[in-house]
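> To start, I am sharing the structure in question, which I have written as structure tokens.
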Amino acid sequence: MYKFSRFLAISLAFMALNSAPAKAEVYRDQSVPITSVEELDINQYLGLWYEIARFPNWFERDCQGVTSEYALRDDGKISVRNTCPKGAPDGPEKVANGLAWKAAPGQLKVTFTPLLPFINGDYWVLYVDPDYQVAVVGSPAGKTGWVLARSPDIAPAVYDKAVSVLTAMGYDISKLELIAH
């Protein structure tokens, strides 16, 4: 049974990788330095976040009203639950459960294939406001990036601040998509 489960997990991982586009678009000028926040209070970061804006990616294609929820596990790792209503904020939900762990200050590694933790991505918190109400997340490779908030709507000045963080990190904000809630 164990061998079959392992074989199935590896097969599914390869199928997922092969169904992904061969080359994801890069939204960041990698010659521009990127830095994560120096300190991330993970306990304040936990909880529900609404996706306000994102750079297009294959795994959120046709998603609106996206939320991410983070919870601390007994082993110190973080459970991740991404909810993606398809087509509209009230559309049928696709849910992805993952696992995250601290890689460095302000930097997490995230996997949605926990049986194969070596298949993971960089999740760098580039900015979080002092009250942990708005966060900007990205990666050195520049293939992903998000503006997150604790509520589905944020003030224009707050959004502009988040966008300025992405710009300073070399992101091409002309590709940023606003998400309906």
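The values are calculated or read from the model by the stated rules, or taken from the named source; none is laboratory data. Small disclaimer: the values here were computed from a predicted structure and weren't measured. Backbone-built Cβ (ideal geometry, glycine too); neighbour counts: all protein chains shown. The area values use the complete protein model at the heavy-atom level, side chains included, leaving out ligands, DNA and RNA. Shrake-Rupley method; radii C 1.70, N 1.55, O 1.52, S 1.80 Å.
> Within segment 129-138, is even one residue small (Gly, Ala, Ser), in contact with a Gly (Cβ under 9 Å, 6 or more places away or on another chain), surrounded by 16 or more Cβ atoms within 10 Å (Cβ to Cβ) and within 17 Å of Arg54 (Cβ to Cβ)?
Yes - at least one qualifying residue is present in segment 129-138.
> In addition: Output the residue which, of all residues in segment 100-128 that are closer than 24 Å to Asp41 by Cβ and without any contact (Cβ under 8 Å) to a residue 24 or more places away in the chain, is least open to solvent (accessible area, probe 1.4 Å).
The selected residue is Thr111.
> Let me ask another. Can you tell which of Val158, Val136 is under 24 Å from Asp41 (Cα atoms) and outside any strand (DSSP E or B)?
Criteria check complete, one pass: Val158.
> What is the residue count in segment 24-58 for residues that are within 14 Å of the chain's Cα centre (by Cα), open to solvent by 30 Å² or more (accessible area, probe 1.4 Å) and touching a residue at least 40 places away in the same chain (Cβ under 8 Å)?
So the answer is 3.
> Is it the case that some residue within segment 74-82 is of a type in the set (Val, Ile, Thr) and open to solvent by 50 Å² or more (accessible area, probe 1.4 Å)?
Scanning segment 74-82 turns up no residue that is of a type in the set (Val, Ile, Thr) and open to solvent by 50 Å² or more (accessible area, probe 1.4 Å).
> Do we find a residue being touching a Cys at 6+ places or on another chain (Cβ under 8 Å) and either surrounded by 13 or more Cβ atoms within 10 Å (Cβ to Cβ) or not hydrophobic (A, V, I, L, M, F, W, C) (or both) anywhere in segment 155-178? Quick ask: steps written out before the conclusion?
The initial filter retains those residues of segment 155-178 that are touching a Cys at 6+ places or on another chain (Cβ under 8 Å), namely none.
Within segment 155-178, none of the residues are touching a Cys at 6+ places or on another chain (Cβ under 8 Å) and either surrounded by 13 or more Cβ atoms within 10 Å (Cβ to Cβ) or not hydrophobic (A, V, I, L, M, F, W, C) (or both).
> Hey, another quick one. Given the conditions (1) under 18 Å from the mean Cα position of the chain (by Cα); (2) open to solvent by 20 Å² or more (accessible area, probe 1.4 Å); (3) at pLDDT 95 or above, report the number of the one that Ala16 does not fulfil.
(3)
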